[in-house]
Every structure is written in C-alpha cells, then in structure tokens.
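The values are calculated or read from the model by the stated rules, or taken from the named source; none is laboratory data. The structure displayed is predicted, hence computed values, not measured ones. Here the Cβ is made from the backbone with ideal geometry for all residues, glycine too, and neighbour counts use every protein chain on show.
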Amino acid sequence: MILVIAEQRDGKLNRATWEAIAAAQQLSGAMPISIAVVGATTGGIAQELATASVAGVLVAEHAALDPYTPDAYTGACSALIESVKPTFVLLPHTYQTRDFAPLLAARIRKPLITDVTAINGTGADATFVRPMFQGKLAAQVKPQGGAPALVTIQIGAFRADAAQKGGSAAVKKIDLQIDAAAIRQKPEAPFREAKQAVDLGQAERIVAVGRGIKSQEHIPLAEKLAKAMGAEVAASRPICDNGWLPMERQIGSSGQTVAPKLYVALGISGAIQHLVGMKGSRTIVAINKDAEAPIFEVADYGIVGDLFEVAPAIIAELEKS
Amino acid sequence: MAARIVVTMKIAVCIKQVPTREWQPRLNDSKTWIREQDVSYEMNEPDAYALEEALRLREKHGGEVVVCSAGPARVQTVIREALARGADRAIHVEHDSLGSADAFVIADALAAAMKDEKFDLVLTGLQSDDQGHGQTGVILAERLGIPSSTIIMDVQVEGSSMRVKRELEGGWFQWIVMPLPALLTIQSGINQLRYATLKGIMAAKKKEIRKATVPDGLQPAQQIVGLAVPTRSKQTHMITGAPADAAKELVRRLRDEARAL
C-alpha cells in the first residue's frame with residue numbers, strides 16, 4: 001500500500017497534501033492508498049480527505065504533536081509505518097517535511113527521495129524524477145534498501161485538482177504512544193518579521209531580478225524597467241540575502257508566491273525554490289545570458305543575452321509608444 | 001541525554017565541494033552522472049554560510065571550529081579555503097566514490113569520523129547545490145544521537161542550550177529552544193560572508209587536516225538510473241537578434257499576443 005502523510009496545522013489542511021494524493025494515485029497501479037492525518041487535534045480534516053478516491057483515512061492524534069517538532073513527528077510516523085507497513089510513504093515537500101522526513105528515514109533506515117517532480121511507471125518498478133545541480137539536470141532515481149521508500153512531492157509538480165475524488169473512505173483512529181520526554185525541541189509561536197508593506201500577490205505585473213544583476217548599483221535598471229512596464233520590483237533569494245532589495249520583495253518558497261499577468265525574470269537562473277513561487281504566472285519572460293538556465297523551461301518568451309543591453313532596449317521600446 | 005555545560009564551544013562545520021554556478025552540465029557516457037573532468041568546483045554556498053556562523057560563534061564564545069568534508073582528494077581545495085577563512089583544523093573523509101555518493105553514505109561516513117570528537121554543535125548548509133537531497137545534516141544528527149533543527153536563520157547560545165530561529169514558509173519564522181549538543185542546518189543569508197585574507201591563506205597551510213577512511217559496508221539509499229537535461233514544460237518562444245530588435249519583438253508580442261502590457 002501507499003501511505004500519504006497529510007500536512008495540517010490547527011485543524012487546517014495544507015493544500016499541498018492534495019498534490020501528494022494526486023501523485024500517490026498516479027504511482028499506485030494496483031496498490032491501495034491510505035492517507036494519515038497526524039496532529040494533536042485534526043478537526044474535520046479526516047472527513048475532508050475521505051472524499052478522495054482512496055482505501056482509507058487514518059487519524060493519529062496525540063497531545064505531544066502540538067506544536068510541531070521533528071522528534072514528535074518522527075516518533076508518530078515511525079509508529080504509523082510500523083503498524084501499516086506501506087511500500088511507499090508520500091509527503092508534500094514543505095518546510096515541515098524537510099525538517100522531519102530525513103530524521104524519519106534515518107531512524108527507520110529506509111530510503112528518502114526528496115523534491116520529486118514526476119513519477120515514471122507504477123508500483124514497485126516506479127522511478128522518481130527530481131532536480132539536481134540547481135535544476136540544470138533532472139535525475140531519475142530508484143530507492144534502494146527495501147520498503148517503505150519515503151518520497152516527498154515538490155509543490156506544484158502535481159495538480160491538486162487532478163486528485164480523484166468520489167470515494168467514501170473509512171476513517172479509522174490509530175492509537176499512538178509518543179514519549180514526550182524524547183522531544184528535544186521546544187518551539188515558540190510562529191511570527192512574521194515585519195508587516196508586509198508590499199503584497200506582491202496583488203501585482204498585475206512583476207519584474208524580478210536575480211544574481212545576473214551583479215551588484216546593488218544596477219538595481220535601478222530593474223526598477224526603471226518595472227516602471228516602464230507598470231510592474232512591481234521583486235527578487236530571487238540571493239538578492240534579498242545581500243540586502244540589495246528588502247526581504248519582503250522575495251519570490252520563492254521562502255518568500256511570496258505570485259501568479260501575475262506578466263512575470264519578467266531578469267538574470268534569474270531559475271532554481272526550483274524560485275520556480276515554485278512564480279511558475280503559475282500567466283505570461284513569463286526570461287532574460288538570461290545562459291541559454292541553458294532552467295528559467296527558460298517555464299518561460300513563454302525567452303531572450304538569451306546580456307541583460308545590461310536587453311533591459312535598456314526594452315525600456316527604450318516601451319518609452320517610444 | 002544529559003545537557004552539557006558549554007564553556008568554550010567545539011563546533012563542527014560540514015562542507016561540500018560542488019560544481020560552480022557557471023558550470024554547464026555535461027553527462028558521462030552512461031548518462032548516470034556528470035563528466036567530472038569538465039567540472040570546476042567551489043564551496044557549496046549554504047555551507048559557506050554555516051562556516052561563517054561557526055566562526056562568529058567562536059568569536060563570541062571561544063573554542064574551535066573544525067571543518068569536516070567527505071569526498072575525493074579534490075575536496076582539499078575547499079577544506080583549505082575554509083581553513084583560510086579561519087577554521088582551526090579539518091577532518092577529511094577521503095574516497096573517490098564519495099564524489100557522487102548519496103546523503104545516507106555521506107552522513108554515515110561523516111558520523112564515523114566525527115563521533116569521537118564530541119562536538120557541542122554541528123552546522124551544515126541546508127542542502128547542497130549538486131544533488132540537493134537536503135538530508136545529510138539531519139541524518140548525521142540522528143547517527144550522532146543529537147537533536148536537529150533545520151533552515152536556521154539565527155543562533156543564540158545560552159549556556160547548555162540555545163535558541164535558534166527557524167525559517168518557515170512565506171516569510172514566517174519561529175524560535176526554538178534546544179539543548180546542546182545539537183545539529184543545525186543553516187539557510188543562506190543568515191550572515192554576511194567573510195573572505196580569506198592573505199594572512200589567512202598563509203596560516204591555513206600549517207593547519208592540521210586529519211584524514212579518515214570510509215567505514216566498510218555503507219549502503220546507498222538510492223540509485224541514479226538516468227540523468228538528463230530537463231524537458232521543457234512550456235513551448236518557449238525564443239526571441240533572437242540584436243538587443244534593440246529583440247526588445248521590439250518582445251514588446252510587440254507582449255502587447256498583441258499575450259496581452260500582458
């Protein structure tokens with residue numbers, strides 16, 4: 001069987017769980033699928049997930065699972081795996097999964113394949129596609145070392161609305177023993193650094209700048225292009241890390257997720273962490289000196305060239321009319 | 001595990017040598033790995049931030065910073081670079097097969113070489129720019145029997161415990177209190193990197209690099225059966241020509257075809 005571990009917080013389901021369910025349905029072949037909901041109080045999530053076309057939903061509630069810690073989740077999930085003995089365990093590739101899935105794999109000494117963007121074949125013969133070398137290459141990998149293989153599904157790689165529904169799966173409670181004394185992390189409440197002054201999610205057009213801009217003194221070029229296009233300025237992570245633009249203008253998994261009418265990627269190579277934040281944009285333009293840059297894989301229009309020549313030429317063209 | 005009172009800190013930093021960002025991928029004949037003879041290498045960027053954080057913690061609390069790397073002979077270059085930036089000594093787990101090994105093998109190899117050192121704190125980058133599993137640090141923590149926390153943006157050591165700032169999605173953060181010894185995976189941008197001075201480079205030549213061997217019987221957890229340039233998910237219209245012509249064509253298409261301007 002395939003076990004999908006849902007992600008939830010305070011009884012609210014993370015939508016990426018549906019993407020993992022869609023991936024599980026594609027992978028399954030003849031294998032049945034069960035979804036596990038893990039947490040202190042999971043509310044109506046089990047009922048919500050029971051509408052998926054799956055064999056069953058397992059609810060594993062324990063007070064020690066709130067707030068989230070990698071130690072408690074590893075304890076809960078290893079007990080769950082021990083009791084249901086799946087062939088594959090699928091999880092959405094969220095920050096929470098990235099925190100505990102390697103610990104879980106190490107604890108039970110089973111393979112973990114992260115960041116999966118596609119699955120070839122079904123059942124035990126399946127191979128998993130994942131980016132390597134900053135997205136410059138795609139690797140097909142096979143787990144080694146026996147079942148279960150843990151697999152994390154990249155956000156946006158499978159469509160949540162492709163998950164087949166129409167099931168009325170049985171919901172079953174599972175009793176868990178978690179040793180609260182074994183939890184070594186004591187988390188405080190999540191917080192936001194500063195009020196987000198700019199909501200890039202509302203922008204119609206975005207000009208985003210990456211490492212290709214080379215230095216802070218060139219940022220005004222991107223700002224000028226944005227102004228000419230009626231766009232907001234945004235950036236990939238390294239630009240914000242350097243303090244060239246404020247963190248609140250960062251696009252990607254650690255920043256904002258946007259889907260504007262027009263997204264212009266200026267000197268952005270297109271690492272997966274950036275792509276997940278912008279690939280839903282309606283029209284994507286990529287300008288990069290490297291013809292092999294992964295950003296071109298998601299672009300509608302591409303120009304291979306020196307952005308210091310191309311951007312001024314676009315500004316001049318827009319100012320003409 | 002009993003909490004350890006830390007007077008001065010013994011900090012390990014795990015670094016990996018990866019292809020440079022400018023490197024253009026070329027595959028080996030069996031298309032299961034890259035053609036290594038074409039590659040120029042550099043220090044994995046998140047590991048460079050982990051190293052910087054370790055150096056800052058040492059400056060604040062005293063102690064030593066030990067660089068640990070698992071890889072072929074070539075990784076000596078990044079070990080020397082880390083020593084030049086200020087690390088005190090190094091451990092090199094050397095074997096040709098480690099250049100393409102997966103996270104389980106690397107973590108097990110590092111754990112065997114590091115376990116007797118009894119480090120107070122182990123730092124790694126959150127993932128590597130080559131295979132990018134994002135697993136090695138956390139597996140290493142489990143093998144060393146110490147707690148871990150990942151994607152860390154601030155580290156405040158307070159006696160026998162520490163408070164660390166973990167990055168969550170979408171601009172959210174969370175402070176976590178945990179005991180020492182522990183392992184943290186460090187996010188890029190946690191600090192401003194320093195670069196090696198000439199004095200540092202000279203001093204690095206005299207610093208100790210302990211060689212360690214790979215334990216027998218390490219089992220990989222996955223096998224790369226194929227490596228390829230990714231297929232495009234979209235039909236990309238590539239616009240060619242001189243900058244002025246390309247700009248004109250792009251603007252025309254964005255107005256008339258995409259109706260995005």
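Some values worked out for this structure:
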read-out	value
Strands (runs of 3 or more DSSP E) wholly inside region B:107-195 containing at least 2 residues that are closer than 27 Å to A:Val116 by Cβ and more than 8 Å from every other protein chain (Cβ to nearest Cβ)	B:121-125, B:148-158, B:182-186
Yes/no for B:Glu64 being part of a strand (DSSP E or B), touching a strand residue (DSSP E or B) at 6+ places or on another chain (Cβ under 8 Å), away from chain A (no Cβ under 13 Å) and more than 28 Å from A:Pro111 (Cα to Cα)	yes
A:Lys214 being surrounded by fewer than 18 Cβ atoms within 10 Å (Cβ to Cβ) and closer than 21 Å to B:Ile190 by Cα	yes
Members of region A:72-96 that are surrounded by fewer than 24 Cβ atoms within 10 Å (Cβ to Cβ) and within 11 Å of another protein chain (Cβ to nearest Cβ)	A:Thr94, A:Tyr95, A:Gln96
Boolean, A:Ala147 is in contact with a Phe, Trp or Tyr (Cβ under 9 Å, 6 or more places away or on another chain), of a type in the set (A, V, I, L, M, F, W, C) and surrounded by fewer than 20 Cβ atoms within 10 Å (Cβ to Cβ)	yes
Elements of type strands (runs of 3 or more DSSP E) contained in region A:58-143, each with 2 or more residues being within 20 Å of B:Ala101 (Cβ to Cβ), in the same structural domain as A:Ala6 (by TED's automatic domain parsing) and not hydrophobic (A, V, I, L, M, F, W, C)	A:112-116, A:127-132, A:137-143
B:Leu227 vs. criteria at pLDDT 95 or above, at the interface with chain A (Cβ under 9 Å from one of its Cβ atoms) and not in a strand (DSSP E or B)	no
Test result for A:Glu317, facing another protein chain (nearest Cβ under 9 Å) and either touching a residue at least 24 places away in the same chain (Cβ under 8 Å) or on the phi > 0 side of the Ramachandran plot (or both)	no
Flag for A:Leu262 being within 17 Å of A:Val298 (Cβ to Cβ), at pLDDT 90 or above, within 11 Å of chain B (Cβ to nearest Cβ) and in contact with a helix residue (DSSP H, G or I) (Cβ under 8 Å, 6 or more places away or on another chain)	yes
Test: residue in region B:237-251 that is under 22 Å from B:Gly86 (Cβ atoms) and either over 22 Å from the mean Cα position of the chain (by Cα) or in contact (Cβ under 8 Å) with a residue 40 or more places away in the chain (or both)	no
Single match in B:His133, B:His92 (criterion: in contact with a helix residue (DSSP H, G or I) (Cβ under 7 Å, 6 or more places away or on another chain) and surrounded by 22 or more Cβ atoms within 10 Å (Cβ to Cβ))	B:His133
